[in-house]
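Novice: Below is one structure. I have some questions about it.
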Ligand code: MN3
């Protein structure tokens with residue numbers, strides 16, 4: 001049985017960048033629905049006792065009749081659980097530590113990294129996510145459709161690796177406040193990115 005994780009901050013705490021009403025619906029309704037439908041899809045299965053990340057890494061082993069539901073709703077549960085942690089009311093600014101060093105090594109500068117990530121987020125058509133992830137020791141940026149993620153692997157998601165940072169580009173993530181202005185949402189989101197957490201995940205992945 002999966003359960004909705006509580007947020008590490010209040011719904012209103014990411015204001016004015018991400019509004020409280022959006023957070024309330026996004027977490028309390030959308031994410032809850034992904035949790036409920038994952039539980040339904042895995043009802044009676046031994047997989048339901050495993051962490052959702054482990055299930056998603058072995059999607060091919062899920063019975064075919066349940067596989068798409070697990071991919072979509074389990075993916076939604078995992079992606080949102082991760083997404084909440086990489087935002088913070090004390091976020092924004094620039095990375096520190098090994099993350100700072102590696103973004104400069106990989107992309108030339110933080111500004112270039114930010115631009116490549118932003119361009120990827122704006123280029124996506126329809127619903128999906130843009131990621132910074134670690135693949136074979138290298139930082140990479142890529143996007144996935146629907147609720148796919150790098151942990152599902154290249155065959156399914158088109159990219160593979162350990163997620164470090166992600167941005168939800170479904171309209172439900174921003175439409176109440178930003179309507180069609182996806183670029184304004186992305187710009188606002190940079191103001192709440194929890195670089196400390198992203199750096200911690202990179203340290204863990206490199207260890
Ligand atoms: Mn969402």
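Novice: What's the exposure ranking of 6, 45, going from fewest to most Cβ atoms within 10 Å?
Specialist: 6, 45
Novice: What per residue convex hull volume, in Å³, do the alpha-carbon atoms of segment 139-179 yield?
Specialist: Convex hull of Cα atoms, per residue: 74 Å³.
Novice: With runs of 4+ DSSP H residues as the only contributors, calculate the mean residue ellipticity of the chain at 222 nm using -39,500 (n - 2.57) per run, divided by the residue total and rounded to the nearest 500.
Specialist: -12500 deg cm²/dmol
Novice: Over the Cα atoms, compute the radius of gyration (one decimal) and Dmax (the largest Cα-Cα distance, rounded to a whole number) for segment 1-83, in Å.
Specialist: 14.0, 44
Novice: Give me the Å³ per residue figure for the convex hull around the C-alpha atoms of the chain.
Specialist: Measuring per residue, one finds 115 Å³ for the Cα hull of the chain.
Novice: By how many nm would the segment from residue 53 to residue 109 lengthen if fully extended, with 0.36 nm per residue of separation less the alpha-carbon distance?
Specialist: Gain in length upon complete extension: 17.0 nm.
Novice: Right, another one. Provide, as a two-decimal number, the C-alpha radius of gyration of segment 35-120 over 2.2 N^0.38 Å, N being how many residues it has.
Specialist: Ratio of Cα Rg to 2.2 N^0.38 Å: 1.49.
Novice: Same structure again: By count of other Cβ within 10 Å, fewest leading, how are 17, 77 ordered?
Specialist: Ascending Cβ contact count within 10 Å gives the list 17, 77.
Novice: Å³ per residue of the Cα convex hull, for segment 101-207?
Specialist: 98 Å³
Novice: Remind me, relative contact order of the chain in percent, using alpha carbon pairs under 8 angstrom and six or more residues apart?
Specialist: The value is 24 percent.
Novice: Take the alpha-carbon centre of segment 105-161, take the same for segment 41-82, and report the distance between them in whole Å.
Specialist: Cα centroid to Cα centroid, the span is 21 Å.
Novice: Follow-up question, since we're still on this one. If each residue's Cβ is checked for other Cβ atoms within 10 Å, how do 130, 22 rank with the fewest at the top?
Specialist: 22, 130
Every read-out reported here was derived from the displayed coordinates using simple, explicitly stated rules and does not represent laboratory data. Owing to the predicted nature of the structure, the values given are computational and were not obtained by experimental measurement. No Cβ is skipped: glycine too gets one built from the backbone with ideal geometry, and neighbour counts run over all protein chains shown.
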